[in-house]
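Asks: The structure that follows is given in the form of structure tokens.
All of the numbers you see were taken from the coordinates with simple rules; none came from a lab. Worth saying up front: this structure is predicted, and the values here are computed from it rather than measured. We place every Cβ from the backbone using ideal geometry, glycine too, and count neighbours over all the protein chains shown.
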Amino acid sequence: MGSDSDWEKINGVAKILDEFDVKYELNVMSAHRTPDLVRDYAARAASRGISILICAAGGAAHLAGVVASHTVLPVIGIPVQTDFCGGLDSLLSTVQMPGDIPVATVGVGAGGARNAGLLAIQILALNDEKLKQKLISFRQNLIQKISNKNEKLKKELEKK
């Protein structure tokens, strides 16, 4: 993440990775304040066994793009919600990458952070049958969860 103040807004990514028992690292690095650290980390990530990089940043939100420019690994960008325009600035900075250096970008807010983790899990599940089965089970549980909510709502409405 670009700043430790981002953690509270994006910790859902860690929660879903924990739920799936996917190991990860957390680091604070700034595309603008620690560019050499970002470059070195991204350039060495694959050789250290890292498969996917998830980058969260707000405002100018260049972290994911800078990381992507130094690796061939998939990079997922989480635009962090800011006071300015609710994070639209972060979203546009993350999603508007030039051709040839892709960054997969999720939505702003808690759902976006969770989806970043789920997208990483989906990518990893391409080559991990156990993880794929967990993902299938997760999706099936979602169906049941929504069905239960639907039934509960119907019962509440019938009472009125």
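Asks: What aspartates and glutamates does K9 reach when the alpha-carbon gap must be under 20 Å and sequence neighbours fewer than 8 apart in one chain are set aside?
Replies: Filter leaves D18, E19, E25, D83, D89.
Asks: Lys and Arg at +1, Asp and Glu at -1: add these up for the other residues within a Cβ distance under 12 Å of K149 and post the number. Numbers along the way, then the final one.
Replies: Working: positive: K145, K152, K154, K155; negative: E151, E156.
Here the count lands on +2.
Asks: Give the residue from N150, C55, L135 lying farthest towards the positive end of the charge dipole for segment 14-150; charges sit on Cβ (+1 for Lys and Arg, -1 for Asp and Glu) and the dipole is referred to the Cα centre.
Replies: N150
Asks: Related question: Under a cut-off of 16 Å between alpha-carbon atoms, report the lysines in cross-link reach of K152, not counting same-chain residues fewer than 8 places apart.
Replies: The qualifying lysines are K160.
Asks: Just add up the charged neighbours of E158: K/R +1, D/E -1, any other residue whose Cβ is under 12 Å from the Cβ of E158.
Replies: Working: positive: K152, K154, K155, K159, K160; negative: E151, E156.
My count for the surroundings of E158 gives +3.
Asks: Next up: What are the aspartates and glutamates whose alpha-carbon lies under 17 Å from the alpha-carbon of K159, with same-chain residues fewer than 8 places away excluded?
Replies: Reachable aspartates and glutamates: E151.
Asks: What does the chain give for Rg and for Dmax, in Å, if only its C-alpha atoms count?
Replies: Spelled out, the Cα radius of gyration and Dmax of the chain are 17.7, 63 Å.
Asks: Hey, what do the phi angles of segment 143-160 turn into as Karplus ³J(HN,Hα) couplings, whole Hz, using 6.51/-1.76/1.60 and θ = phi - 60°, x for Gly and Pro?
Replies: 4, 5, 4, 5, 4, 4, 5, 4, 4, 4, 5, 4, 5, 5, 5, 5, 6, 8
Asks: Ok, one more. What does the highest-first list of 95-103, 139-147, 62-70 look like by mean Cβ count within 10 Å?
Replies: 62-70, 95-103, 139-147
Asks: Which of the peptides 12-21, 31-40, 72-81 is most tightly packed, and how do the rest follow, judged by the mean count of other Cβ atoms within 10 Å per residue? Each step should come with its number before you reach the end.
Replies: On the way: 12-21: 16.6, 31-40: 14.8, 72-81: 23.4.
In descending order of packing, they fall as 72-81, 12-21, 31-40.
Asks: Another question, if that's okay. Once phi is turned into θ = phi - 60°, what whole-Hz ³J(HN,Hα) does the Karplus curve with 6.51, -1.76 and 1.60 give for every residue of segment 74-80, x standing for Gly and Pro?
Replies: Karplus values, whole Hz, x for Gly and Pro: x, 10, 10, x, 10, x, 7.
Asks: Let me ask something else about it. Considering all alpha-carbon pairs of segment 110-160, what whole percent are spaced by more than 17 angstrom? Don't skip to the end; give the middle numbers.
Replies: Numbers: 675 of 1275 pairs.
When all Cα pairs of segment 110-160 are counted, 53 percent exceed 17 Å.
Asks: Quick one: which residues, 5 or more positions from I54 or on another chain, have an amide H under 5 Å from its amide H? H modelled 1.01 Å from N in the peptide plane, none for Pro or chain starts.
Replies: I76
Asks: May I pose another question? Within a Cβ distance under 12 Å of K134, other residues only, what is the Lys/Arg minus Asp/Glu net charge?
Replies: Once all neighbours under 12 Å are counted, the net charge is -1.
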